[in-house]
Amino acid sequence: MNLSARFEGFAEWCDGTSPLYECISRGVASDADLLSLAEEVPSERSPPHVLLAAVHSRLLADTDHPLADYYPSVTDDPAEGDPFPAFRDFCAEYEDELLPVLHSRRTQTNAVRRCTVLFPAFSHVSREVGGEPLALVELGPSAGLNLCWNRYAYDYGDASRYGTGEFALDSEIRGGSPPLPDEFPPVASHVGIDLNPLDVRDEADVLWLRALVWPEHGDRHRLLAGAAEIAQHHPPDLRQGDAVESLPDVLREIPNDVPVCVFDTQMRYQLPESAQERLGERIEEAAERRTLHWLSGHEAAAEWDNALTLRWFDGEEYRRLAAYEQHGKWLRWLP
């Protein structure tokens, strides 16, 4: 797929959820100068995501440019009309500042509301291992905000609230009976493996996390800010490395009698097919030698619009555990 088509595809993806990015992406798709700028992003890093986030990060850093007037994340009274001329002008004016970002940054979102799906999933795995403390290993954690899941509170509406923290994640249960114990499952350890882990104590990394959240998604910006503040006080254990290649070394650090739960949320789609296969093989090999479960939120759920499935590997077979809106707004428990 050529670069113009990738921006057209991105625009279609934005339909209904980000009119701003939909309009800008369609403009970029037919603009030779902007496509040339987007080519500075390594193709495997999703040029539409990175270009738009690079511009967003510059605006969030308090840039005084007319483009800022169109961004709800920057102004309380966003302008109406076509933002593309201002976007094009902005990129021409700030190209020198944008280029280092395009070369070095990558898509690394932390959709912390997905923890509303992980909480019952971890509870399910905990029951399977008799309540023994779990060693959690996240693949592709970015800044590791989902590793802090047991420091958040959870509000499922009629299904009640769990946890005592002031920072709460909310979600709607649309079916099934997810296991929601009064107390969080015990955790023995938690670690994340990422090619380029982000540090929530670093202002530039936090700014990039903010920039990756689409401008109209005010609720996601709010949740990100709350989770980042918690992680700043309780920094997660993050290791730099290839998730597939580094996983065996991390597993060897965990005592053999401690049950392991490896998990990821929308990380596998970024891997080439060969790496996905190798990851599955390594998980299955490790499960032959120790108690290990794998939760992976990746596969599309055609039965429900805009949903993904959380897949569970119990050491012997794969099953669907839950369907959920990609940012965790709702979940449907499947077993």
Between Ala275 and Thr63, what is the label-to-label distance in nm when each label sits 7 Å out along the Cα-to-Cβ direction?
2.8 nm
Neighbour-limited loop hits for GluC sites (Glu not before Pro), region 36-75 (at most 14 other Cβ within 10 Å; DSSP other than H, G, I, E, B):
Glu39
Net length gained if the chain between Glu203 and Ala79 were fully extended (0.36 nm per residue, minus Cα distance):
41.8 nm
Restrict the search to region 232-317; then list the GluC sites (Glu not before Pro) that DSSP places in a loop and that have at most 11 other Cβ atoms within 10 Å of their Cβ.
Glu303, Glu316, Glu317
Segment Asn196-Asp89, extension gain: residue separation times 0.36 nm, minus the distance between their alpha carbons
35.4 nm
Summing -39500 (n - 2.57) over every DSSP H run of at least 4 residues in the chain and dividing by its residue count gives a helix-only mean residue ellipticity at 222 nm, to the nearest 500 deg cm²/dmol, of -12000 deg cm²/dmol
In square nanometres, what is the average projected area of the Cα convex hull of region 3-104?
6.0 nm²
List the relative contact order of the chain as a percent without decimals, with contacts defined as Cα pairs under 8 Å and 6+ residues apart.
18 percent
Quick one: length gained pulling Trp13 to His233 fully straight, 0.36 nm per residue minus the C-alpha distance?
75.7 nm
Mean-position separation - Cα centroids, region 46-86 and region 151-221, in angstrom
26 Å
Stokes-Einstein D for the chain (20 °C, 1.002 mPa s, Kirkwood Rh from Cα pairs), in µm²/s, comes to 103 µm²/s
Could you size up the charge dipole of region 26-148 around its Cα centre, putting +1 on the beta carbon of Lys and Arg and -1 on that of Asp and Glu, and report it in debye to the nearest 20?
860 debye
Mind checking the alpha-carbon convex hull of region 152-270 and giving the volume per residue in Å³?
162 Å³
Suppose every K and R has +1 on its Cβ and every D and E has -1 on its Cβ; what is the size of the dipole of the chain about the Cα centre, in Debye to the nearest 20?
940 debye
Fraction of antiparallel bridges per DSSP, the chain only, in percent to nearest 5:
40 percent
Describe numerically, in nm with one decimal, the distance between label points set 7 Å from Cα along Cα→Cβ at Glu288 and at Ser104.
4.3 nm
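Bear in mind these aren't lab numbers, they're just calculated from the coordinates by the rules spelled out. Here the structure is a predicted model, which is why all the values come from computation and not from measurement. We place every Cβ from the backbone using ideal geometry, glycine too, and count neighbours over all the protein chains shown.
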